[in-house]
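Just below is one structure, and these are the notes that go with it.
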Amino acid sequence: MAIRICSTLLLLVLFAGLLSNPPDLSSCGPFLPSAAFSFWRIPEDAAGRYARGQLGILQPGLPRFYLIIAYRYLIGVGLNAEERKALFGPEPAVQTPFSYQPEGPRQVWLKKRARVAGKGAPPNINAFKTISGNDYYLTYLNCGDDAFVTAAQTLDDRSRQLGIESPAVKGWVAAQDQVFANCSEGPSIPAALDDTATPSMRADRAYQIAAANFYAGDMDAAERMFRAIADDHDSPWRQIAPYLVARSLVREATLSVKGVGADREKLAAAETQLQTILSDPAQNAEHAAARKLLDYVRVRLAPGARMHDLAATLVLKDSQATIQQNSFDYRFLYDAFERGDFGGMKALPVEDGLTTWISAFQTADAAETQNQWRQKHTLPWLVAALSRASDVQPGVDELVTAGLRVGPDSPAYATAAFHSIRLLIDSKQTGEARSRLDKLLAAETASLPQSSLNLFRAERMKIAANWDEFLKYSVRIPAGSFTGFEQYGNTGIEGEDASLPEGVKPRQPAFDADAAKILNQQTPLDLLLDAARRDVLPKPMRREVAASAWVRSILLGDENSAKSVAPLLQDLAPDLKAPLRTYLEASDSAARRFAAVYLMLQHPGLRPYVQVGFGRLAPPEKLDEFRDNWWCSFTGGQDAPDYYRVASTLPEPLQLLYPDGAPKAQFLSADQQARGQREWTRLTETPPAPEYLTNQAVEWAKNHPSDPRSPEALHLAVRAVRYGCGAKKGASKEAFQLLHQKYPDSAWARKTKYWY
């Protein structure tokens, strides 16, 4: 089945004059909010700092809407206040939940209609219409806001002229209800008035009949009727009728072909009609709408030429009157050519600067972008060449030198600096890279977007000379949040924004995936304990490290480390103070191990690894409804979600620094790296939490049946299998049976009705 959603949006925008500018979204949910340290599908503060030229580190994955803006700034054109308003809308006003919200045109029409006595119940108006059948499906905006505005104004006029109680006004409203019934259903065509009606009333009814046919989809009838109205010198609708003839032709050209292009003959007729309107000074009131519709027609009749014209107009100064629609039309055509329509990108008649740059920035290889820069030596091509360059590329030193010359006042500054320093790092010039990053981070902290600061800190962490530097630059501040990921890939962002999930404090520091992978998979336990004690990490991050180190110590059987970090964890996590005291005061190793297991059973948020970003959003003592509890099998499995592996996959911006997806702890000694690797290997061989905790609880209950904690531990073990992940089927059966055999009258047995 062909679902023509893109065509729907184009019709909506071109006929209603609206801008569609969301990032590309596709979701199968449910998706949980994750920390976005560096946006790569939409700029940080897109309508604010970015729209004013503070571009940050440009990402090739940005939608072309934002790359057009970037290109304008890179060539020195930028956006004025009116252009920003045209693209993004007015500056948001500060509002309270009780702020006045203006009514939409449809609500205004229904409100005015309600004043007419005897008008009947208000109709249910759906402005969208669906066409389906023969493997074709299309939903489009049929009745735009202008239709309801016109109806409301006409009702006001006729009420003043004839009186709101007059039969003529009531008849007009009844006919208008029929007109709007065609917005989604139909056909419902008002009857013509006989000669007893006044000429004005008959003219109104003729217009309503033509409009009803238009919305009902009978474009031949609508076109014929609007032409007749245009020829009626006494009709109050004569002025707008020629434009509506053109709209009828365009609709027939696009809707009648059912998704296989457009009827070029009808489009050519519409083009002629629109040019006639534009050449007639008497039609001046319709010129703005006619120009928009003519642009739409030319997109269909001569897409290559139109795209070239749009590329030229999109880089002109003071283009607030056209930039919104031109941006949409250009992106629509770019997408169409890119997917092979109209002969594909190679069929474009002439190259232009904007299209060539966007294409190269997003898809070209290093050699092509470098050649373009050498020919042009312009800022856009320096940005493109640096973004694509590698340290093994001939002539890369020249690029780096040019990139490092870009000053902080340039819109290319962050991009040029980031990639120039990246290339210095890759070519082993770490001393110079450290020096430049230290100066940049000291000077530009307030002026750069948080997304860019996080990437510069990631660069600096990559070349950390020692443990202290690694910890210092592992601290990142989320720039916002996103929802949506490809399983185990995390290659796309959906809905990036600056909002934070409930319970997450603004500017709350956290680890990004690069630091988390090094801490979890390469750092030995003794260094994790050291990190938990270092003030270089903010307290929330110290708690995260201490909690993961304590759980890791238990799983590795390193009692000395567990006992060493427990007092620190008590200070960092007061909610764990009492159960950790029980752990520390236990009589022997076996009792301490059970006290640890009992604590973990009560706190599903405890796990043996440092979490990325916001981490698990549920409180540590609460179950997460999506089973993000404790830890899963580190080896994965068909039915075992691996939250750790998903969260620790490097997002696209970090993959620029680590193309293999594997950050290296180069500051660790060979012995430290070996110990860290051995410990991580042992952890990956540990059963998933539900199995591990259940086995420990069962063993303790068998050997200590009189311990009052045993029945609760068995109940919690069954719960862990139910709400944890990775356990084999029936993993809780033994715990369930033991609970009901040994403690049948306990409250915990009564709460545990099933095993899993």
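The values are calculated or read from the model by the stated rules, or taken from the named source; none is laboratory data. This is a predicted model, so every value here is computed, not measured. As a convention, Cβ positions derive from the backbone with ideal geometry for all residues, glycine included, and neighbour counts pool all protein chains shown.
From the residues in the range 256-304 that are within 23 Å of Gly344 (Cα to Cα), of a type in the set (Val, Ile, Thr) and assigned to a helix (DSSP H, G or I), which one is modelled with the lowest pLDDT? Residue satisfying both the conditions and the ranking: Val299.
Take residues that are modelled with pLDDT of 50 or more and within 24 Å of Leu316 (Cα to Cα) and tell me which of the helices (runs of 4 or more DSSP H) falling wholly in the range 1-92 contain 1 or more.
64-74, 81-88
Evaluation of Glu621 against the conditions (1) touching a residue at least 60 places away in the same chain (Cβ under 8 Å); (2) touching a helix residue (DSSP H, G or I) at 6+ places or on another chain (Cβ under 8 Å); (3) of a type outside the set (S, T, N, Q) shows that the sole unmet condition is (1). Taking the criterion of being touching a residue at least 40 places away in the same chain (Cβ under 8 Å) and in a helix (DSSP H, G or I), the residues of the range 308-328 that qualify are His308, Ala311, Ala312, Ile323, Gln324, Gln325, Ser327, Phe328.
Exactly one residue out of Ala416, Ala412 is surrounded by fewer than 22 Cβ atoms within 10 Å (Cβ to Cβ), of a type outside the set (Val, Ile, Thr) and within 30 Å of the chain's Cα centre (by Cα): that is Ala412.
Residues in the range 697-756 that are surrounded by fewer than 17 Cβ atoms within 10 Å (Cβ to Cβ) and among the small types (Gly, Ala, Ser) were compared, and the one that is nearest to the chain's Cα centre (by Cα) is Gly730.
Every listed requirement among (1) among the charged types (D, E, K, R); (2) out of contact with any Asp or Glu (no Cβ under 8 Å at 6 or more places or on another chain); (3) touching a residue at least 12 places away in the same chain (Cβ under 8 Å); (4) under 25 Å from Thr363 (Cβ atoms) is met by Asp438 save one, (4). Filtered by the rule that a residue be of a type in the set (A, V, I, L, M), touching a residue at least 12 places away in the same chain (Cβ under 8 Å) and out of contact with any strand residue (DSSP E or B) (no Cβ under 9 Å at 6 or more places or on another chain), the range 647-686 gives Leu650, Leu654, Leu656, Leu657, Ala662, Ala665, Leu668, Leu683. Say whether the condition of being surrounded by 23 or more Cβ atoms within 10 Å (Cβ to Cβ), within 16 Å of Leu58 (Cα to Cα), within 31 Å of the chain's Cα centre (by Cα) and not assigned by TED's automatic domain parsing to the domain that holds Ser669 is met by at least one residue in the range 426-449. Yes, the range 426-449 contains at least one residue that is surrounded by 23 or more Cβ atoms within 10 Å (Cβ to Cβ), within 16 Å of Leu58 (Cα to Cα), within 31 Å of the chain's Cα centre (by Cα) and not assigned by TED's automatic domain parsing to the domain that holds Ser669.
In the set Thr445, Thr523, which member is modelled with pLDDT of 95 or more, closer than 30 Å to Ser427 by Cβ, of a type in the set (Ser, Thr, Tyr) and in contact with a Leu (Cβ under 9 Å, 6 or more places away or on another chain)? Lay out the reasoning, then the answer.
Numbers: Thr445 fails: modelled with pLDDT of 95 or more.
After applying the criteria, what remains is Thr523.
Of the residues in the range 679-699, at least one is touching a Lys or Arg at 6+ places or on another chain (Cβ under 9 Å) and either among the acidic types (Asp, Glu) or farther than 26 Å from Thr582 by Cα (or both). Looking at Ala662 and the list (1) assigned to a helix (DSSP H, G or I); (2) in the same structural domain as Lys517 (by TED's automatic domain parsing), which single condition is not satisfied? Failed condition: (1).
Looking at Ala210, Ala228, Ala222, which one is more than 42 Å from the chain's Cα centre (by Cα), of a type in the set (Gly, Ala, Ser) and within 19 Å of Ala151 (Cα to Cα)? From the options Ala210, Ala228, Ala222, the qualifying one is Ala210.
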